Amino acid sequence: MSGPIEPKDAACQDEDLAGVEVREGRQASVGGMRIARVLPTKGRRTVGAWCFTDLILPSDGLDPDPMEVGPHPHIGLATVTWLLDGEAVHSDSLGSEQVIRPGQLNLMTAGHGIAHAELGAPAPLRGVQMWIAQPEETRHGGSAFEHHADLPRVDLGTGEAAVLAGSLGDATSPARTDTALVGAEVTLRAGVARIPAVDTFEYAVIPLDGTVKVGADIVEHGWLALVPPGQSRVPVEVAGDGARFMLLGGEPLGEPVVMWWNFVGRSRDEITQAWRAWQDHDDDRFGPVASRLARMDAPAPPWHRTR
Ligand code: MN
């Protein structure tokens, strides 16, 4: 090797990262929050078992409404909550009540059924709400809630990552995983980082602050880059003031999921049954949630006909 490798040289070498796809998120309003939905996206339902990602965007208003998401059910998925600014209280039908702050992880596993509510503090809130589809082995099972205030960090040369789920480099999250996957918040200074990757995993890179370049593709805030399996590293280039992004990855799920409202299943019948149980106040399946917020009403599935 002759002479120092500059970031621009390294970037050129990395342009052979093949098959990266970049998709724009869809902006919407949910529970008083402005969000960008980056997953699912057109033609792409899952990345590993990750099946849903909303970025909670800063409010445009000077006096934003706090997040108020009343009691609602989930089946067949784990919710992963990660805040960048602000704080919120999670309450669920297991009796959990947990304040979450930036840098902390809330992981709620629904199994056959759980209900929860989320109430933001009256301060600007920014964060990421993600779901993981559960595999057949656990999706009919019990529900659970975990809070992790301290997560392991891994040095990436031009920055570091907090590991929320699975392993990255030599750091492993204490959080439960039901399938082979990784979730990490990566913070980088200007330069090129080669993020360690598992070659059987597919990955998503989701900018939270700043813009990143994945291989040869520029990825803006509110967008998503999809990286196919077969990599031992995911090269990410950052310019200027640095950047922060979520890295989600995992073994491709290999089976289609049916997602509707807050339910993840494998058939429309399963979703219809969950909808009915929630509308019928089936406390054996979902249980009551101690919350001052109003219980959410589930809309009928679009395939369901009233008779
Ligand atoms: Mn929820």
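A compact table of results
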{"item": "H147-D209 FRET efficiency (beta carbon distance; Förster radius 25 Å; 0.05 resolution)", "result": "0.55"}
{"item": "About the Cα centre, charge dipole magnitude for the chain (Lys/Arg +1, Asp/Glu -1 at Cβ), debye", "result": "720"}
{"item": "Average accessible area per residue (Å²) across region 227-297 - probe 1.4 Å, nucleic acids and ligands excluded", "result": "51"}
{"item": "Residue-span extension gain [R44 to H281] - 0.36 nm each, minus C-alpha spacing", "result": "82.0 nm"}
{"item": "With eigenvalues of the C-alpha gyration tensor scaled by 5 and rooted, the chain, Å", "result": "34, 21, 18"}
{"item": "Heavy-atom surface of region 92-146, accessible at 1.4 Å and reported per residue (Å²)", "result": "36"}
{"item": "Kirkwood Rh in Å, taken over all unlike Cα pairs in region 125-169", "result": "13.7"}
{"item": "The chain - percent relative contact order, Cα under 8 Å, separation 6 or more", "result": "20"}
{"item": "Rounded to the nearest 20 debye, dipole of region 163-281 from Cβ charges on Lys, Arg, Asp, Glu", "result": "100"}
{"item": "Accessible surface, 1.4 Å probe, highest first, among residues H140, H148, H74", "result": "H140, H148, H74"}
{"item": "Relative contact order %, region 206-307, counting alpha carbon pairs below 8 Å whose residues are six or more apart", "result": "20"}
{"item": "Projected-area mean, region 110-205, by convex hull of Cα positions, square nanometres", "result": "8.2"}
{"item": "Apportionment of accessible area to carbon and sulfur, the chain, percent (1.4 Å)", "result": "48"}
{"item": "Residue (of G32, G265, W82) at the positive-pole extreme of the chain, dipole from beta-carbon charges", "result": "G265"}
{"item": "Reduced Cα scattering model of region 13-166, Debye log10 I(q)/I(0), q = 0.10, 0.18, 0.20 Å⁻¹", "result": "-0.40, -1.23, -1.42"}
{"item": "Solvent-accessible surface ranking, highest first, for D170, D297 at 1.4 angstrom", "result": "D170, D297"}
{"item": "Nearest-ten-degree value, helix 268-279 long axis tilted from longest Cα axis of the chain", "result": "60"}
{"item": "Unit charges at the beta carbon, dipole of the chain: most positive-side option, I195, A300, A149", "result": "A300"}
{"item": "Exposure rank, largest accessible area first [E270, E220; 1.4 Å]", "result": "E220, E270"}
{"item": "Semi-axes of the equivalent ellipsoid for region 162-307, Cα gyration tensor, largest first, Å", "result": "38, 17, 16"}
{"item": "Size of charge dipole - region 123-188 - debye, nearest 20, with Cβ of Lys, Arg +1 and Asp, Glu -1, no other charges", "result": "220"}
{"item": "C-alpha center-to-center spacing [region 176-210, region 262-307] in angstrom", "result": "34"}
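The values are calculated or read from the model by the stated rules, or taken from the named source; none is laboratory data. Just so we're clear, the structure is a prediction, and the values are computed from it rather than from any experiment. Neighbour counts are summed over all protein chains in view; Cβ atoms, including those assigned to glycine, are modelled from backbone coordinates with ideal geometry. The area values use the complete protein model at the heavy-atom level, side chains included, leaving out ligands, DNA and RNA. Shrake-Rupley method; radii C 1.70, N 1.55, O 1.52, S 1.80 Å.
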